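Heads up: the structure comes next, in structure tokens.
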Amino acid sequence: MASKRIVVGNMKMNLTAQEINKYLKVIEKKEYNNQVIFCPSSLYLPYFVGKTYGVGIQNIAAYENGAYTGEISALQAKSMHLDCTLIGHSERREYFKETDEVVRQKIKLSLQANLKVILCIGETEEERDSLKTYKVLKKQIVNALKGFEEKELKKIIIAYEPIWAIGTGKTPSNEEIKDTISFIKDIVKDSLHINMSVLYGGSVNEKNIASLNQIENIDGYLVGGASTKADKFMKIIEVVVNQ
Ligand code: 13P
């Protein structure tokens, strides 16, 4: 389990090359102690590698290599010195129809390539309203992680992102986040016999980070929109790194 909390920026499909240049000038003024991971669009990844922060890709192919036009393999990501990949983000599950089986295959290929994994899980608003959150999370965890060995599981962390909280400005209460993280850690412990770090994601911003950071069992944050604005993201990082 990570002893220090981490902040991961999922910049999604945002920013032009010119905007990225400006962004890099702002972020390069700081030392990050490996507590921060930037996940920009794949095109810009080489600009981020080799600094005091980590770098991750937002997605990798479900295939090892070969004739898959437009795809990027886990091995290619590793060969460009990336640290990790996001897998199973709800946007990929929803818009690109990624099933639990595809998610598991991507985890397998990442681990084979020695690329760390941030597995994203989360419930829809409808599932939350019908009290199915824990059932949905358990299914996502077990289906994605079954069959891996302990040494492989140690290269995985989970990001809990309630889908209804992504990009909406809404977040669960601190109490709810704490309980859900606790549930996730217990499921992993009971079914896979390992302690796993769990991040929270969904409308994390420079205004709510101090409050979210009071949650005792949280291991860090996966930040979307606010990670695309260098000044806002720096404020979030400062709160977490200086705690
Ligand atoms: P927002 O921070 O924009 O809600 O996005 C969260 C997210 O999807 C990070 O992966």
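A short reminder: the numbers here are calculations on the coordinates, not readings from a lab. Here the structure is a predicted model, which is why all the values come from computation and not from measurement. Every residue, glycine as well, gets a Cβ built from its backbone with ideal geometry; the counts of neighbours run over all protein chains shown.
Numbers for the structure displayed
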{"quantity": "Förster radius 41 Å - calculated FRET efficiency between Glu19 and Lys154 (Cβ-Cβ, nearest 0.05)", "calculated": "0.70"}
{"quantity": "Distance violations [Cα-Cα > 31 Å] among Lys4/Lys170; Lys178/Lys235; Lys116/Lys178; Lys116/Lys189; Lys108/Lys170; Lys116/Lys170", "calculated": "Lys108/Lys170"}
{"quantity": "Along principal axes, Cα extents of segment 1-138, largest first, whole Å", "calculated": "46, 37, 32"}
{"quantity": "Length gained when the stretch Ser41-Lys207 is fully extended (0.36 nm per residue, less Cα-Cα span)", "calculated": "57.2 nm"}
{"quantity": "Amide H within-cut-off set for Ile57, under 5 Å, with H built and near neighbours excluded", "calculated": "Cys84, Thr85, Leu86"}
{"quantity": "Alpha carbon centroid spacing (whole Å) that separates segment 205-243 from segment 96-136", "calculated": "23 Å"}
{"quantity": "Dipole axis of the chain (+1 Lys, Arg; -1 Asp, Glu on Cβ), positive-most option in Ala74, Val188, Thr99", "calculated": "Ala74"}
{"quantity": "Residues of segment 55-71 with amide N under 14 Å of a point placed 7 Å along Cα→Cβ from Tyr95", "calculated": "58-59"}
{"quantity": "Trypsin sites (Lys or Arg not before Pro) within segment 48-113, DSSP loop, no more than 12 other Cβ atoms inside 10 Å", "calculated": "Lys97"}
{"quantity": "Chymotrypsin sites (Phe, Trp or Tyr not before Pro) restricted to segment 1-69 and DSSP loop, no more than 14 other C-beta within 10 Å", "calculated": "Tyr63, Tyr68"}
{"quantity": "Nonlocal amide H pairs with Ser73, under 5 Å, H built at 1.01 Å", "calculated": "Ala61"}
{"quantity": "Computed FRET value (nearest 0.05) for Ile215 with Glu238, which takes r as the C-beta separation and R₀ as 22 Å", "calculated": "0.80"}
{"quantity": "Cα Rg over Rh - the chain, Kirkwood", "calculated": "0.93"}
{"quantity": "Peptides ranked, highest mean first, by Cβ atoms within 10 Å: ranges 7-16, 80-89", "calculated": "80-89, 7-16"}
{"quantity": "Sparsely packed GluC sites (Glu not before Pro) within segment 134-231, loop by DSSP, other Cβ within 10 Å at most 11", "calculated": "Glu149, Glu216"}
{"quantity": "Label point distance in nm, Lys4-Asp129, each placed 7 Å from Cα along Cα→Cβ", "calculated": "4.3 nm"}
{"quantity": "Residues with amide H under 5 Å from that of Val223, placed H, sequence gap 5 or more", "calculated": "Val8, Gly9, Asn10"}
{"quantity": "Virtual spin-label span in nm between Lys139 and Asn195, 7 Å along Cα→Cβ", "calculated": "3.1 nm"}
{"quantity": "Extension gain (nm, one decimal) between Lys170 and Asn65, 0.36 nm per residue minus Cα-Cα", "calculated": "33.8 nm"}
